[in-house]
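S.K.: Got a structure for you, written out below as structure tokens; questions coming shortly.
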Amino acid sequence: MNTGQACTSCECPSACAYGYVFETTPEQDSGFMGKYDQIPRPYVLEIPLNRQTEFEPGELLALRLRLFGRAIDYAPLFVTTFQEMGKDGIGKGRLPYQLVQVESEGFNQFPVTIYQEGAEQIHAPLITTGVDIRHRSQQADASRSERVTLFFDTPLRIKWNGQYTSDPQFHVIFRNILRRVTGLLQFHHGESWEVNFADLLRRAETIKLIRQETRWVDYSRYSNRQETKMKLGGIMGWVQYEGDLAEFLPWLRVAELLHIGKNTVFDLGRIRVG
């Protein structure tokens with residue numbers, strides 16, 4: 001790694017963990033649903049929903065990190081990075097912290113500790129495959145196939161006709177899910193999904209939004225890279241849809257794990273099927 005060189009001018013970005021994870025570039029320009037304006041990053045960081053920003057000495061902060069594709073192989077580097085960040089300090093005043101424990105989660109499995117404070121070894125994480133996700137998705141309750149409630153636990157930033165929208169029609173939500181899932185598959189797993197997208201989207205347009213309690217929420221974050229404040233906003237709350245939802249429930253279950261919309265790496269677009 002050359003810390004003084006921009007990733008765009010690097011001769012071997014595919015061999016660099018940083019370049020792959022944070023400066024993801026495609027080997028092809030187009031995806032299954034057309035041209036992607038941004039390649040999905042192979043990770044999602046989830047923070048506590050209470051958005052606590054101040055901690056007393058000795059108080060614990062639990063985070064969840066999901067890795068996709070080749071980023072899974074870099075799990076030990078993430079652990080080491082969190083350790084080093086603790087030494088340098090974070091937040092206002094650069095206050096230090098200690099990484100106490102790292103657990104790996106898997107479907108239908110108890111969490112496995114892959115790192116404990118003071119240990120020299122970092123163990124390999126559990127891996128959830130596409131088959132595991134598909135199996136979980138197919139277990140969706142068929143009795144709920146005519147009505148479903150969707151919660152937006154963190155601000156959801158989605159676009160329709162080129163503009164951010166606060167109108168979460170089902171077909172707009174589903175288009176975002178399709179792009180997210182197929183993008184991760186194509187760019188990080190080298191797989192295609194044999195789906196008739198046009199037919200799926202036509203059926204998605206028949207699903208009705210019957211109730212909603214949503215609000216637009218704005219918040220700011222400071223970007224060290226851009227040396228400026230970024231204003232990030234999206235919708236939060238819940239919506240209820242009605243229609244023939246059976247074929248869409250598995251997609252919604254997958255989206256619970258991946259997040260949807262813009263800025264997912266900042267824990268935006270976290271949805272939940274209620």
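S.K.: For segment 267-274, indicate whether the set of residues that are aliphatic (A, V, I, L, M), buried (at least 16 other Cβ atoms within 10 Å of the Cβ), within 18 Å of the chain's Cα centre (by Cα) and outside any strand (DSSP E or B) is non-empty. If you could, list the steps in order and put the result at the bottom.
M.R.: Narrowing segment 267-274 to residues aliphatic (A, V, I, L, M): 268, 271, 273.
From what is left, the residues that are buried (at least 16 other Cβ atoms within 10 Å of the Cβ) are 268, 271.
With the extra rule that they be within 18 Å of the chain's Cα centre (by Cα), the set shrinks to 268, 271.
After this cut, where a residue has to be outside any strand (DSSP E or B) as well, the list is 268.
Yes: segment 267-274 contains one or more residues that are aliphatic (A, V, I, L, M), buried (at least 16 other Cβ atoms within 10 Å of the Cβ), within 18 Å of the chain's Cα centre (by Cα) and outside any strand (DSSP E or B).
S.K.: Kindly evaluate Val100 against the criterion of being of a type in the set (A, V, I, L, M) and closer than 20 Å to Gly58 by Cβ.
M.R.: Taking the combined requirement at face value, the residue satisfies it.
S.K.: Please report, ordered by residue number, the strands (runs of 3 or more DSSP E) entirely within segment 43-121 with at least 1 residues that are under 28 Å from Thr25 (Cα atoms).
M.R.: Passing ranges, in order: 43-46, 64-67, 101-106.
S.K.: Also, quick follow-up: Given the criterion under 30 Å from Arg70 (Cβ atoms) and at pLDDT 95 or above, identify the matching residue among Leu156, Leu184.
M.R.: Details: Leu184 fails: at pLDDT 95 or above.
So the residue among Leu156, Leu184 that is under 30 Å from Arg70 (Cβ atoms) and at pLDDT 95 or above is Leu156.
S.K.: Here's another thing I want to ask about it. If a residue must be open to solvent by 20 Å² or more (accessible area, probe 1.4 Å), within 18 Å of the chain's Cα centre (by Cα) and among the aromatic types (Phe, Trp, Tyr), how many such residues does segment 147-163 contain?
M.R.: 1
S.K.: Quick one: Arg215 ticks every box in (1) open to solvent by less than 20 Å² (accessible area, probe 1.4 Å); (2) on the phi < 0 side of the Ramachandran plot bar one, so which box is it?
M.R.: With (1) open to solvent by less than 20 Å² (accessible area, probe 1.4 Å); (2) on the phi < 0 side of the Ramachandran plot applied to Arg215, the lone miss is (1).
S.K.: Then there is this: Taking Leu245, is it touching a Phe, Trp or Tyr at 6+ places or on another chain (Cβ under 9 Å) and within 22 Å of Thr129 (Cβ to Cβ)?
M.R.: The answer is no for Leu245.
S.K.: Next question, about the same structure. Consider only pairs whose beta carbons are under 7 Å apart and that are at least six residues apart or on different chains; among these, list those whose first residue lies in segment 186-211 and is assigned to a loop (DSSP other than H, G, I, E, B) and whose second residue is open to solvent by less than 40 Å² (accessible area, probe 1.4 Å) and of a type in the set (Gly, Ala, Ser).
M.R.: From segment 186-211, the pairs are Thr206/Gly243; Ile207/Gly243.
S.K.: So, in segment 164-211, of the ones that are open to solvent by 30 Å² or more (accessible area, probe 1.4 Å), in contact with a strand residue (DSSP E or B) (Cβ under 9 Å, 6 or more places away or on another chain) and hydrophobic (A, V, I, L, M, F, W, C), which residue ends up farthest from Ile72 (Cα to Cα)?
M.R.: Taking the candidates together, the pick is Ile210.
The values are calculated or read from the model by the stated rules, or taken from the named source; none is laboratory data. Predicted model only: the values in this text are computed from it and were never measured. Cβ coordinates were reconstructed from backbone atoms using ideal geometry, including for glycine residues, and neighbour counts include every protein chain displayed. For the accessible areas, the whole protein counts, side chains as well, though only heavy atoms, and no ligand, DNA or RNA atoms are used. Shrake-Rupley method; radii C 1.70, N 1.55, O 1.52, S 1.80 Å.
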